[in-house]
Amino acid sequence: MTLIPKNHPRKKSLETRHLIENGFRKGITHAQGLIAQGRGEAFDYLLGEKTHDFARKAIKAAVAQTLLSERPVISVNGNVAALCPREIKELSKALGAKVEVNLFYRSEERISRIVKHLAGHGVKALGSKARKRIKGLESKRAIVEDKGIYSADTVLVMLEDGDRTEMLVKNRKKVVAIDLNPMSRTARKAGITIVDNVARALPLMAKEAKELKKKNKKELEKIVKNYDNKKNLKEAEKIVREGF
Ligand code: PTJ
């Protein structure tokens, strides 16, 4: 990786780009993932590259929702695998959630590369034995594992397209999304949307999970019930449009 000077004002952002670039070179991240990264960066810039209160509220509700679930699954694509493999390990452990590799530009080769890459970071991921399909979805994202997303009750999705989010919801699954664009279809179709960068949100979720595990079912249900995703998205959109 090219060495970025310590005092470079955009050090973090440039290092993140290198992670994605390396992911692309290794055949983990799709070429389209480079474009997705650019879109994300633009929104992150408008958000001040920080985690806002609306994101913290969504994180709390998302973690409560996941802890209440019986079969939660974290869905990982080529960008998330390149950016956050260690964070995925921590979060899946903290939430007791399975991890499944699910790709829009699915090829068995990419699936196997990502599964191996995650294994190298201590994550045992599903995805290579995907034989089931999510009903109503045409894209290759419909192809899922029986013991993973197919039978999940809550799915965490990141850098997602609105179609699958909508179909997962239609298939009666709770969907938690992490998306820097509060106006995207994914953001609007998910039950709980965390408008934040995955690189910041995932560690915060793992930390929150350790706290919320101490709470009982009723307390967790109250957190979910009091959470208002529409209101939260409006707050995020206001920041994007008007600044902070
Ligand atoms: O790995 P595959 O084959 O599944 O490919 C998936 C890609 C990345 C090609 C696909 O999901 C895609 O095209 O993504 P989009 O629609 O360009 O991006 C989805 C959303 O993620 C956009 O709203 C971006 O703003 C947002 N986003 C990008 N980077 C981040 C992000 N959200 C959170 N954290 C990020 N780092």
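Please treat every number below as a calculation from the coordinates, not as lab data. What you see is a predicted model; the values in this text were computed from it and never measured. Methodologically, a virtual Cβ is constructed for each residue, glycine included, from the backbone with ideal geometry; neighbour enumeration extends over all protein chains shown.
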Label-point separation, LYS129 to GLU242 (7 Å along Cα→Cβ), nm: 5.3 nm
Listed by chain and number, the lysines with an alpha carbon less than 20 angstrom from that of LYS135, same-chain partners under 8 positions apart left out, are LYS147, LYS170, LYS173, LYS174, LYS189
Row for the chain, column shape: gyration tensor on C-alpha, a ≥ b ≥ c, rounded if a/c < 1.5 i.e. under 1.5, prolate if a/b over b/c, else oblate; value rounded
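Applying 1/(1 + (r/R0)^6) with R0 = 41 Å to the Cβ-Cβ distance of LEU46 and SER112, what FRET efficiency is obtained, to the nearest 0.05? Could you put the intermediate results ahead of the total?
Numbers: r = 37 Å, r/R0 = 0.90.
So the FRET efficiency works out to roughly 0.65.
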Which aspartates and glutamates, if any, have their Cα less than 13 Å from the Cα of LYS50, not counting same-chain residues under 8 positions apart? GLU41, ASP196
Which part of the range 36-56 falls in the paramagnetic zone of TYR105, meaning amide N under 18 Å from the point 7 Å along Cα-to-beta-carbon? 36-41
Each label sits 7 Å from Cα toward the beta-carbon; between ALA31 and SER13 the label points are separated, in nm, by 2.6 nm
Using alpha carbons only, how many angstrom separate the centre of the range 22-52 from the centre of the range 156-228? 19 Å
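Taking the Cβ-Cβ separation of GLU21 and ALA119 as r and a Förster radius of 22 Å, what is the calculated FRET efficiency to the nearest 0.05?
The value I calculate is 0.50.
What ranking do 201-209, 15-23, 42-50, 70-78 get when scored by the average of other Cβ atoms within 10 Å per residue, highest first?
My ranking of the peptides, most packed first, is 70-78, 201-209, 15-23, 42-50.
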